[in-house]
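A short reminder: the numbers here are calculations on the coordinates, not readings from a lab. Fair warning: this is a prediction, and the values are worked out from it, not measured in the lab. Every residue, glycine among them, receives a Cβ derived from its backbone with ideal geometry; neighbour counts consider all protein chains shown.
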Amino acid sequence: MINFQWSQHTPGWLQTAWGTSMSIEVGGLLGLLHLILTIYAMVKIVQSGAGTGSKVIWIVLILLLPVLGLILWLLFGPKG
């Protein structure tokens, strides 16, 4: 859980609009599933017979576009 505390310089109207503190919970089962799929995809990319440049592009794509990158890898990525 990430806790966010308002600064003394934050305008009062903004604090009132969003409350005095905000909490964002990141993770859970979906986060764990995403982590497992990302690691699996990167291992499969490294083990594939694709060229080094292609491997680097796929790994960067997966890291920069987490969900979309995994979907694109599943559809178009190097196979075995």
Which residues, taken from the range 31-73, are of a type in the set (Gly, Ala, Ser) and part of a helix (DSSP H, G or I)? 31, 41, 53, 54, 69
Which one is surrounded by the most Cβ atoms within 10 Å (Cβ to Cβ), of the residues in the range 49-79 that are aliphatic (A, V, I, L, M) and over 22 Å from residue 33 (Cβ atoms)? 50
